[in-house]
Amino acid sequence: WKVLLLGYGNVGKALRRMIRERASMMGLNVRIEAVVNRSGIMIGDGEHFVKSNEGTPLDALNQVSPDLVIDVSSANYENGEPSISLYREAITRGIGIITANKAPLALKYGEIVDLAHRHGVPIGFQATVMSGTPSINLIRLMAGSYVTKIRGILNGTTNYILTRMDQGLSYDQALKEAQEKGYAESNPEHDVNGFDAAAKLTILTNFAMNKRISIKEVKFSGITEITQSMVSEARNESKKFKLIAQSEGNVTKVSVMKVGVDDPLFHVDGVMNALDIHSDIQEVTIVGPGAGPQNAAFGVFSDLVLISKGLI
Ligand code: 80F
């Protein structure tokens with residue numbers, strides 16, 4: 001498998017290491033042919049980005065003719081570019097896509113996924129929701145049932161901040177820690193105002209419930225109004241604030257809620273995420289890490305393994 005990598009930040013570099021350490025062990029013959037980022041194209045997969053030549057992602061696609069495009073670039077919620085144009089071109093040439101970047105699918109899920117299906121091309125996006133903890137890929141395994149409701153904690157940064165505030169840190173200290181650990185988006189505003197969770201909920205709702213909604217239709221609010229005194233007051237009542245994403249019927253929303261010990265989400269702390277999936281047959285709940293370069297890279301890597309086995 002010849003791979004073109006778009007973006008080479010925390011997740012891109014963790015993915016490069018993972019491919020080197022694990023691909024042949026998994027019987028995978030995969031090679032990063034080129035990396036393209038904001039400053040140009042690097043041929044090969046050097047540890048540090050060293051530009052080989054100028055060029056856009058589309059130029060890189062033409063130069064390398066990959067079997068697979070992997071998008072680990074930062075999210076552009078203005079218009080999803082340059083990713084969306086790259087996906088359109090790659091898919092029509094029969095090239096598969098794996099993305100950890102939520103913006104293209106949060107904005108244009110229907111167009112991109114339907115195009116991939118029409119061309120019989122695989123598209124993997126496990127890493128967009130809960131990083132390497134199977135969410136999208138778990139729902140693939142629930143084939144044969146209808147998902148009726150989803151409810152969960154889908155942003156690692158805000159759950160980490162709320163947990164650290166519960167342990168006595170200020171909001172600013174806790175956010176700084178989350179950034180140092182590589183959990184936060186390049187624009188952390190998107191984490192704390194609920195937008196990142198809304199993007200994940202959009203992708204999840206579309207996939208799980210076979211819908212075609214855009215993030216623009218999702219109501220969201222974040223944790224910026226939560227103060228240390230509110231958190232300690234909640235603690236005295238044996239409650240915690242959690243940023244909860246929920247989708248049922250036509251209601252798709254993200255908001256802070258005060259939950260008690262009898263709510264399973266009460267016990268999900270730090271960078272852990274959780275997802276409760278209700279179907280017409282059964283209810284399944286999963287808990288696992290939701291952010292971090294290594295976890296996000298693993299979400300991409302597991303898609304790579306599934307695609308190579310023809311399972312996506
Ligand atoms: P980082 O900022 O380190 O790197 C971004 C790369 O993209 C850079 O190489 C940059 O040059 C390139 N780039 C930006 N714009 C470009 C353009 N126009 N053309 C070409 N290249 C461009 O970002 P990360 O941390 O490596 O993240 C990469 C992607 O993975 C982003 O889309 C993230 O949203 C996504 N992701 C990251 C996660 C993480 O934990 C988790 C899953 C997905 O729950 C939470 O708290 C979430 N904040 C974590 S989600 N890092």
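Coordinate-derived values only; no laboratory data. Bear in mind that the values here come from a model prediction, so they are computed numbers and not experimental data. Cβ sites come from the backbone with ideal geometry, for glycine too, and all protein chains shown count toward neighbours.
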Check: Based on the mean of other beta carbon atoms within 10 Å per residue, what is the order of 190-199, 58-67, most packed first?
Finding: 190-199, 58-67
Checklist line | Note, ³J(HN,Hα) from phi for the range 222-231, Karplus 6.51, -1.76, 1.60, rounded to Hz, x at Gly and Pro | finding: x, 10, 5, 8, 7, 9, 4, 5, 5, 5
Note to self: Can you compute the FRET efficiency between E81 and L311 using 1/(1 + (r/R0)^6), with r the Cβ-Cβ distance and R0 = 35 Å? Round to the nearest 0.05.
What the structure shows: 0.70
Item checked: Separation of alpha-carbon centers, the range 1-31 and the range 136-172, rounded to whole Å -> 26 Å
Checklist line | Long-range amide H partners of G132 with built H, under 5 Å | finding: A296, G299
Next item on the list: Kindly state, to the nearest 0.05, the FRET efficiency for D114 paired with A143, given R0 = 22 Å and r defined as their beta-carbon distance.
Entry: 0.75
Next item on the list: Compute the length gained on full extension between K258 and N29: take 0.36 nm times their separation in residues and subtract their Cα-Cα distance, giving the result in nm to one decimal.
Entry: 77.6 nm
Item checked: Per-residue ³J(HN,Hα) for the range 19-25, Karplus 6.51 cos²θ - 1.76 cosθ + 1.60, θ = phi - 60°, Hz, x for Gly and Pro -> 4, 4, 7, 10, 4, 5, 4
Margin query: Please list 3J(HN,Hα) in residue order for the range 183-195, calculated via the Karplus relation 6.51 cos²θ - 1.76 cosθ + 1.60 where θ = phi - 60°; whole Hz, with x for glycine and proline.
Written below: 7, 6, 5, 4, 10, x, 3, 5, 6, 6, 8, x, 5
Next item on the list: Let me have the 222 nm mean residue ellipticity of the chain computed from DSSP H runs of 4+ only, each contributing -39500 (n - 2.57), with the sum over all residues rounded to the nearest 500.
Entry: -11500 deg cm²/dmol
Margin query: Can you compute the FRET efficiency between N236 and K2 using 1/(1 + (r/R0)^6), with r the Cβ-Cβ distance and R0 = 51 Å? Round to the nearest 0.05.
Written below: 0.30
Next item on the list: Nearest 5 is fine: what % of DSSP beta bridges in the chain come out antiparallel, could you say?
Entry: 65 percent
